[in-house]
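Presented below is the structure to which this report refers.
The values are calculated or read from the model by the stated rules, or taken from the named source; none is laboratory data. Quick caveat: nothing in here was measured; it's all calculated off a predicted structure. No Cβ is skipped: glycine too gets one built from the backbone with ideal geometry, and neighbour counts run over all protein chains shown. What goes into the accessible areas is simple: the full protein's heavy atoms, side chains included, and nothing from ligands, DNA or RNA. Shrake-Rupley method; radii C 1.70, N 1.55, O 1.52, S 1.80 Å.
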Amino acid sequence: MGLSKKTLKFINKKCTRSLEGMTVLITGANSGVGYKTAEILIYLGARVIMACRSLEKASSAREKLLAEYPDADIRVMRLDIADFSSIDSFANELPDVDAFINNAGVFHRPGEKTKDGFEMVMGTNYMGVYYLGEKVLPKLERCGHDVVYINTISIIHKVAKVRYDRFFSEKGSYARSKLCLARYTEYLAKMYEGTNIRVFMSHPGITITQIASHIFGKWYVLAKMMPFNSTEKSSLSAPFILTNDLPRGSVAGPSKLFGGWGYPKINKKCKRALRDIDGLIEFTKGAVNKVNSGREETVKAK
Ligand SMILES: NC(=O)c1ccc[n+]([C@@H]2O[C@H](COP(=O)([O-])OP(=O)(O)OC[C@H]3O[C@@H](n4cnc5c(N)ncnc54)[C@H](OP(=O)(O)O)[C@@H]3O)[C@@H](O)[C@H]2O)c1
């Protein structure tokens, strides 16, 4: 089907350079925003690595893209960000990349836990991305060339709160996970200032994807008829970052109607994302250490 005329118009006007010669890795690229982002990146000339938890889904998404772009260079890798051991294996095999986009995420998973015992939404959207960052960023720092690192947040982080006594409670976990991710990204932007790693945040506004079936439940079919952003328009945020020289640490995404709609622009930062960053990182390190010591005990017991 290819990209729409409106998308191509935006790309011609706002994406100021081609991505030819660049290798871009994107997590959760088999559907929704991740898939469309991969397509836009391929259109812009990038080699793409789709890092997905299901190799079967990733391969069929790759086939679909190749049917449209037969000369595209697309690889797939296995990565389950709800499983620290999968992250370890993935990080060990990480090839050289010029950009790393954390896109994978979940919205509502009542009663579910990650392999390491965290509530599924916090465990995937925040703990998984944090642990993955700790594993891949030092490697990317040593690679000897510039790397763009992007985390995908959501406008809903603007209404979230972080309380450490209810950190892993299911209530409000999606918004909290994205607020934690925004704070972690701020931490990284500062930490890697002046290095080869340029850290950014992107968000897609509001678009009806697989995730929305968990948001809207039985109203999903109706939601699909509502004038939300098309998934293609929502997928322009990361390509916009990669094709422009934005200030490090910027947030890019739709900015109309509280950030839900429109084409990507640099967004104003939410003050909540700038608070208590050190406290969050200390808490997160503690939670990760607990999991790691549990894993060591299990290995010893075997
Ligand atoms: N849609 C929106 O309006 C909206 C708004 C704000 C932010 N976002 C964010 O945008 C990102 C993409 O969401 P989307 O709307 O495109 O939803 P989506 O279509 O459901 O895509 C989510 C992707 O993440 C993958 N994923 C989920 N858990 C994973 C795990 N443990 N390991 C690896 N991959 C995993 C999914 O894989 P499977 O296919 O195997 O499940 C899927 O490929 C998410 O971070 C989401 O929070 C979306």
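Worth pointing out:
- With θ taken as phi - 60° and the Karplus curve 6.51 cos²θ - 1.76 cosθ + 1.60 applied, the whole-hertz 3J(HN,Hα) list for region 201-209 is 10, 10, 8, x, x, 10, 9, 8, 10 Hz, x standing for glycine and proline.
- Spacing of the two label points (7 Å from each Cα toward its C-beta) at Glu134 and Gln210, in nm: 2.7
- Dipole of region 131-241, positive end: most advanced residue of His145, Val159, Tyr131 [Cβ charges, Cα centre]: Val159
- Build a GNM of the chain with springs between Cα atoms under 10 Å apart, and of Val33, Val121, Val221 the one that fluctuates most is Val221.
- Linear extension gain, Lys14 paired with Glu297, 0.36 nm per residue minus alpha-carbon span: 96.7 nm
- Across region 71-78, coupling constants 3J(HN,Hα) worked out from phi with the 6.51/-1.76/1.60 Karplus curve, θ = phi - 60°, read 8, 5, 9, 10, 10, 10, 9, 8 Hz, and Gly and Pro carry x.
- Gained length - Asp88 relative to Asp245, 0.36 nm times residue gap less alpha-carbon distance: 53.3 nm
- Set Lys135/Lys269; Lys115/Lys233; Lys6/Lys269; Lys57/Lys161; Lys139/Lys178; Lys6/Lys113 screened for pairs whose C-alpha atoms are more than 31 Å apart: Lys115/Lys233; Lys57/Lys161; Lys6/Lys113
- The portion of the accessible surface of region 5-301 made up by carbon and sulfur, rounded to a whole percent, is 53 (1.4 Å probe; DNA, RNA and ligands excluded).
- Close amide H contacts of Ala51 (hydrogens built in the peptide plane, cut-off under 5 Å, sequence separation of 5 or more or a different chain): Ile26, Thr27, Gly28, Ala29, Met77.
- Electrostatic dipole magnitude of region 5-301 [Cβ: Lys, Arg +1; Asp, Glu -1; Cα centre; debye, to 20]: 1340
- Packing rank of 86-95, 144-153, 63-72, 172-181, where each peptide gets the mean count of other beta carbons within 10 Å, highest leading: 172-181, 144-153, 86-95, 63-72
- Each DSSP beta bridge with both residues in the chain is either parallel or antiparallel, and the antiparallel ones are about 20%.
- Sparse packing (at most 15 other Cβ atoms within 10 Å of the Cβ) combined with a DSSP loop state is found for none of the chymotrypsin sites (Phe, Trp or Tyr not before Pro) in region 176-242.
- Label point distance in nm, Asn196-Glu63, each placed 7 Å from Cα along Cα→Cβ: 3.7
- Listed residues Arg248, Arg78, Arg275, most fluctuating in the chain (Gaussian network, C-alpha, under 10 Å): Arg275
- Filtered GluC sites (Glu not before Pro), region 208-302: DSSP coil and at most 12 other beta carbons within 10 Å: none
- Set of aspartates and glutamates near Lys285 by C-alpha distance (under 19 Å), chain-local residues within fewer than 8 positions excluded: Asp83, Asp88, Asp116, Glu119, Glu134, Asp165, Glu186, Asp276, Glu296, Glu297
- Förster-model FRET efficiency, 30 Å R0, Leu257 and Val221, C-beta, rounded to 0.05: 0.85
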